[in-house]
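Computed from the coordinates by the stated procedures, all read-outs in this text should not be read as laboratory data. As the structure is a prediction and not an experimental result, all values here were calculated from the model. For neighbour counting, all protein chains shown are included, and Cβ atoms are generated from backbone atoms with ideal geometry for every residue, glycine included.
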Amino acid sequence: MPQSLAQVYLHVVFSTKQRQPFLQDSALRTELHHYLGGACRDLGSPSLAVGGVEDHVHILCRLARTQTIAQLVAELKRESSKWIKTKSPALSEFHWQDGYGAFSISPSHVEAVRTYIAEQESHHHQHTFQDEFRRLLQKYQVEYDERYVWD
């Protein structure tokens with residue numbers, strides 16, 4: 001049987017519902033990032049970097065050749081949302097936004113994206129999530145309607 005081979009790097013970004021700052025606690029945020037990394041691995045899409053701030057996450061991973069982007073993101077959101085709600089009664093209302101951004105990354109840009117994700121905290125001292133997401137959409141030439149991006 002012939003082999004099917006793929007190497008697709010993906011930068012995924014999604015926010016908490018209405019950008020609520022549920023992830024203010026840095027220890028919880030670090031634990032969530034590790035959880036998401038493990039979930040990526042378990043789904044056959046190993047992560048290369050996971051990071052973010054109090055209202056959103058960035059994931060750089062290699063997409064499994066048998067999975068769609070939508071399946072990966074849905075499963076990551078479902079599992080991590082379930083997990084985070086067990087961490088504290090204050091997180092019982094935690095939800096991710098309905099949408100997400102997913103951008104293909106050239107192998108030659110993997111290290112730059114990894115660095116970008118690692119520097120999220122300092123980056124967001126100057127820029128909001130909305131500004132950052134709009135910039136990513138423009139950079140990757142994604143057409144969008146502002147009315148439907150935020151929830």
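Taking 0.36 nm per residue of sequence separation and removing the Cα-Cα distance, the L91/A70 pair yields an extension gain of 5.1 nm. Lysine pair count for the chain (Cα-Cα distance under 16 Å; residues 8 or more apart in sequence or on different chains): 5.
Counting other beta carbons within 10 Å of each Cβ, put Y144, Y100 in order, fewest first.
Details: Y144 13, Y100 20.
Fewest-to-most ranking of Y144, Y100: Y144, Y100.
A dipole drawn for the chain from +1 and -1 charges on Cβ atoms has a positive end, and of S15, S104, Q3 the residue lying farthest that way is Q3. Note on Q20/S108: beta-carbon distance plugged into 1/(1 + (r/R0)^6) with R0 of 41 Å gives a FRET efficiency of 0.70. Counting only the Cα atoms, the chain fills a convex hull of 119 Å³ per residue.
The range 1-47 and the range 76-109 have Cα centres lying 7 Å from one another.
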